[in-house]
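Report on the following structure.
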Amino acid sequence: AELRDYRGFGDGWMLYPDQPGIWTEGSRSELALALDEIGESDYALVVSLGSICVAPDTLLKVEALVNGERAAVRDFGYGDPEWRIELPAPLPPDGEIHLELVVDEPNSPVEVGWWDDDRRLGILLRTITLEEIDRSVPAGEQIVFAEGSGAQRLLGEGWSTLEQLGVWTVGEEAFLVLKPMDIPPAAAELVLAASAFVTPDHPELEVQVLAHDQQLAGRVFRHGEGQRLLRVPFPVGAQAGRTVFEIRPSQPARPVDLGLGDDARRLGLYLEWLMVRKKNRVATLL
């Protein structure tokens, strides 16, 4: 609301005098940023959102490009409060990046029943914060994904916001980024405590976990089951430092399609906590 210098903003933006923030307009919006005092850590842009120009029962897909490469993609629902865009590593030494937001089929306020304006809007940006990300996970410590826990520091793309007891995958892939401490990756395993979005009309969900192009573990979650543990060994050849795990739920479903409210997210796995510990010898069950 207090911004007066718009030199970093390129094409694709629009201001409303009575709304704090700036709207994306059209399918592409460009912003140039200079990041100060960056080092060799992982970083993310945390974007707080004032609004999404979308009807309550639909989603708006937005892709973020950083220096021309895809850094994040998100299906936004009405009321989503923020977006974390993980920046590629390493960042340019001068800290200068070009951020481009690509909005798939933007809507106008008149189309969603807000006010009489036929310009195509996407998301309303209120603030952008550069955040250094701590990916470290001490061996044997349980990291709980509850609202207010700060555990979103381990989440890459493909997750919703933290809820009271956990966090949902949204879509067909989601990423965890971890730096295990006090234990070499060759001797470590990742333990995920999770349930799944399964109902009588959607009774099963198969989940696979991969890293370094290796399939590491999998499980079929069935209707009527509670929380289950999924044990995932670290990939062969993993070195000390960050490891990116990819979680692939097969055929995630939308509650709105199953008559369960107006939630249009494609829900798969509901992660409650994780732990990195010394690897056991028992194999992971499907």
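The values are calculated or read from the model by the stated rules, or taken from the named source; none is laboratory data. Because the structure is predicted, anything quoted here is derived from the model rather than measured. Note that each Cβ is placed from the backbone with ideal geometry, even for glycine, and that neighbours are counted across all protein chains shown. Accessible surface is based on the protein model in full, side chains and every heavy atom, while ligands, DNA and RNA are left aside. Shrake-Rupley method; radii C 1.70, N 1.55, O 1.52, S 1.80 Å.
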(request) Calculate, for the chain, the solvent-accessible area per residue in square angstrom, rolling a 1.4 angstrom probe over the heavy atoms of the protein chains. (result) 51
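Take Asp75, Asp182, Asp262 and sort them by solvent-accessible surface of the protein heavy atoms, 1.4 Å probe, largest at the top.
Asp182, Asp262, Asp75
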(request) Report the label-to-label distance for Asp257 and Glu105 in nanometres (one decimal), using points 7 Å from each Cα along the Cα→Cβ vector. (result) 1.4
(request) Write out the GluC sites (Glu not before Pro) in the range 7-84 meeting two conditions: DSSP loop, and at most 13 other Cβ atoms within 10 Å of their Cβ. (result) Glu37, Glu40
(request) Determine the order of Lys278, Lys61 by accessible area, beginning with the largest, at a probe radius of 1.4 Å. (result) Lys278, Lys61
(request) Just tell me which aspartates and glutamates come within less than 12 Å, Cα to Cα, of Lys61; anything on the same chain fewer than 8 places away is out. (result) Asp75, Asp104, Glu105
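If the chain between Gln227 and Trp114 were fully stretched, how many nm would it gain, using 0.36 nm times the residue separation less the Cα-Cα distance? Please list the in-between numbers first.
Values: separation 113, 0.36 × 113 = 40.68 nm, distance 4.11 nm.
Residue separation times 0.36 nm, minus the Cα-Cα distance, leaves 36.6 nm.
Can you bin the range 127-286 into rounded, prolate or oblate? Criterion: square roots of the alpha carbon gyration tensor eigenvalues sorted a ≥ b ≥ c, rounded for a/c under 1.5, prolate for a/b above b/c, oblate for the rest.
Numbers: a/c = 1.96, a/b = 1.33, b/c = 1.47.
Oblate shape, in that a/c is at least 1.5 and b/c is the bigger or equal ratio.
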(request) Work out from phi, with θ = phi - 60° and the Karplus expression 6.51 cos²θ - 1.76 cosθ + 1.60, the ³J(HN,Hα) of each residue of the range 12-25, listed in order in whole Hz, and give x for Gly and Pro. (result) x, 10, 8, 9, 10, x, 9, 10, x, x, 9, 8, 6, 10
(request) On a C-alpha basis, how far is the centre of the range 1-22 from the centre of the range 173-212 in Å? Whole number, if you could? (result) 40
(message) Going by amide H atoms built from the backbone, whose H comes under 5 Å of the H on Leu216, apart from near neighbours?
(response) Val209, Leu210, Ala211
(request) Output the relative contact order of the range 55-211, whole-number percent, from Cα pairs under 8 angstrom with separation of 6+ residues. (result) 15
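Output the relative contact order of the chain, whole-number percent, from Cα pairs under 8 angstrom with separation of 6+ residues.
Values: 712 pairs, mean separation 51.2, N = 286.
Once divided by the residue count of the chain, the mean separation gives 18 percent.
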(request) Can you tell me how much longer the chain between Ala186 and Gln214 gets when fully stretched, taken as 0.36 nm per residue apart minus their C-alpha distance, in nm with one decimal? (result) 8.6 nm
(request) Please give, to one decimal in nm, the separation of the simple spin-label points placed at Asn67 and Ser250, each 7 Å out from Cα toward the Cβ. (result) 3.9
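For the chain, what % of the accessible area comes from carbon and sulfur atoms, probe 1.4 Å? Can you show the working numbers first?
Working: 6780 of 14510 Å².
Roughly 47 percent of what the probe reaches on the chain is carbon or sulfur.
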(message) If each residue of separation counts as 0.36 nm, what is the full-extension length gain between Tyr6 and Arg242 once their alpha-carbon separation is subtracted?
(response) 81.3 nm
